[in-house]
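Shown next, in structure tokens, is the structure this report addresses.
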Amino acid sequence: MEHPAQVQQMVRDDLIEQAAHTTWGRTHGYGSIQSYQDFTQRVPLQTYEDLFPFIQRMMLGEANVLWPGVTTHFAKSSGTTNDKSKFIPVSKVNFDDCHIQGSWDSVVLFYQLLQNATIFLYKNLILPGSLTYYEEYPNAKIGDISALMIDNMPALGRAFYEPSMEVALTPSWEEKIEKTAQLLAQRDDVGMFGGVPTWNLILFRRILEISGKDHLLELWPNLQGYFHGGVGFAPYRKQFEALIPSQSFNYLEIYNASEGFFAVQNDFQQQDMLLLLDNGIFYEFMPLSEYGSSNPIVLPIEDVELGQDYAMIISTNAGLWRYHLGDTVRFTSIRPYKIIISGRTKQYINVFGEELMVHNAEQALSATCQEFHASIAEYTVGPRFFTSKEKGGHHWVIEFEQRPNDIEAFAEKLDLNLQKINTDYEAKRFKGMALERLALTEVPKNTFFQWMKSRDKIGNQNKVPRLSNSREFVDAILDFVKH
């Protein structure tokens, strides 16, 4: 926190030195890189498709490709806008010094913020994905990052964890949720839980159904905290507050992806997160205005500015080099460096020059829900394109957990809140000259879950796409409802 540029330089130099004798390192002259300028000149920016041929060789057991040694663990990530699974290498050092280290950093910060924290006095609930083996090289394990972490949990840690390893790694999500619910509905000693909000809500509702309790504190009176991440939490907060009606319960956001553990909230009152600079990740930042450029400007951390949206570029201790992560972040502080996740490079709407990011959408949605005493289960947004008879606009498809009394008034207010938050959207909406007011279609409860299930997209690594520059997801969901 006190010497960020120096720490990041040390991380970069260490990564380059360790990888100097790999296939990648020899090809790109890592042995003679002396500066950041050398690094950026010799190593072009990489997408997953660029690195996949090297990753595939690693999955077949080849050593010293992108990172020293043989990598036997790969985190499966389907992303949010790409139907194809991605397989992200997780080296031993990446696992220990990034993912595990980031987890401990989160626990340390939780204890620092909550002096009476008792995480290790009670059970901790985390519902991971499942594991499998790569058919062409069975020594390689594949699963989402939570499953890999649970599978490698030290024996000492298992004493504080629920459910059992057998249940936790059950391949079927529906079976896993049912077995976990049956188990935990009988227990009274859960103190903390973690994971993606969607799946926890499904689990908790089933637990309350089995136990006959009205809320979780009747069952687990010692609940203290929730470590959440993966998706924006604002649309889900009201549902969790109903399940856990306590002012003393604490929410801590973490930014842990398949590629690494990047950031953690360090203040319960502030929603931004402290960027972790010393856990094997070298960060670079591309201004969002440069995205798609043939020769984009990319900045080291010391050159970023407050309030700007940046696509995050990472080099990791698993062999991802100058890799487009796909997330966009915005800096809220530079002493120390703190961020919010503002969206995805492929998840925004800019069809009409409005530059609507996920962060804008969720902020407006949260404010509107609060005013109308409503809550959201899931949502997605796409454009309504210009026609000869109509101007363009946005089309929101929403599944309400608690619906507002007046859907039309809700849509009107949501549109006004978007204008307050996003000046580009406000300009396009001025007197309806460029954009019409947003359209809102309500879909029945459980629609998004069943739609994701129909696409074989359930589990922690699969998330409902929020914003898209096309109507792909909006039309797919509406077609699903019709049939």
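The values are calculated or read from the model by the stated rules, or taken from the named source; none is laboratory data. Just so you know, these numbers come straight off a predicted model, no measurement behind them. We place every Cβ from the backbone using ideal geometry, glycine too, and count neighbours over all the protein chains shown.
Summary of values
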quantity: Positions within region 322-365 being modelled with pLDDT of 85 or more, in contact with a Lys or Arg (Cβ under 7 Å, 6 or more places away or on another chain) and of a type in the set (G, A, S), in sequence order; calculated: G326, A361
quantity: First in region 44-59 and among the basic types (K, R), second anywhere and surrounded by 14 or more Cβ atoms within 10 Å (Cβ to Cβ), Cβ under 7 Å, 6 or more apart; calculated: R57/V65
quantity: Set G225, G230: member being assigned by TED's automatic domain parsing to the domain that holds R335 and within 24 Å of F74 (Cα to Cα); calculated: G230
quantity: Qualifying residue in region 386-402 (condition: of a type in the set (S, T, N, Q), modelled with pLDDT of 90 or more and on the phi > 0 side of the Ramachandran plot); calculated: no
quantity: Which numbered condition E162 misses (of (1) at pLDDT 90 or above; (2) surrounded by fewer than 20 Cβ atoms within 10 Å (Cβ to Cβ)); calculated: (2)
quantity: Among the residues listed as F110, F120, the single one being modelled with pLDDT of 95 or more and farther than 30 Å from E17 by Cα; calculated: F110
quantity: Tally, over region 249-269, of residues that are more than 18 Å from the chain's Cα centre (by Cα) and in contact (Cβ under 8 Å) with a residue 12 or more places away in the chain; calculated: 4
quantity: Hits in region 429-454 - residues which are within 23 Å of I376 (Cα to Cα), assigned to a helix (DSSP H, G or I) and not polar (S, T, N, Q); calculated: F448, F449, W451, M452, K453
quantity: Selection count where residues are over 14 Å from the mean Cα position of the chain (by Cα), surrounded by 16 or more Cβ atoms within 10 Å (Cβ to Cβ) and not small (G, A, S), scope region 216-241; calculated: 12
quantity: Selection count, region 415-448, where residues are at pLDDT below 90 and either under 20 Å from P197 (Cα atoms) or among the hydroxyl-bearing types (S, T, Y) (or both); calculated: 2
quantity: Selected residue (criterion: nearest to G230 (Cα to Cα)) from residues of region 380-395 that are surrounded by fewer than 21 Cβ atoms within 10 Å (Cβ to Cβ) and either in contact (Cβ under 8 Å) with a residue 40 or more places away in the chain or aromatic (F, W, Y) (or both); calculated: H395
quantity: Residue in region 178-196 that is farthest from the chain's Cα centre (by Cα), counting only those that are in a helix (DSSP H, G or I) and buried (at least 20 other Cβ atoms within 10 Å of the Cβ); calculated: L184
quantity: Number of the condition not met by G61 [criteria: (1) surrounded by 14 or more Cβ atoms within 10 Å (Cβ to Cβ); (2) small (G, A, S); (3) not in a loop (DSSP other than H, G, I, E, B)]; calculated: (3)
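This table checks each residue for (1) crowded, with 17+ Cβ neighbours inside 10 Å; (2) β-branched (V, I, T).
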{"position": "D415", "(1), (2)": "yes, no"}
{"position": "T423", "(1), (2)": "no, yes"}
{"position": "A427", "(1), (2)": "no, no"}
{"position": "L440", "(1), (2)": "yes, no"}
{"position": "K445", "(1), (2)": "no, no"}
{"position": "Q450", "(1), (2)": "no, no"}
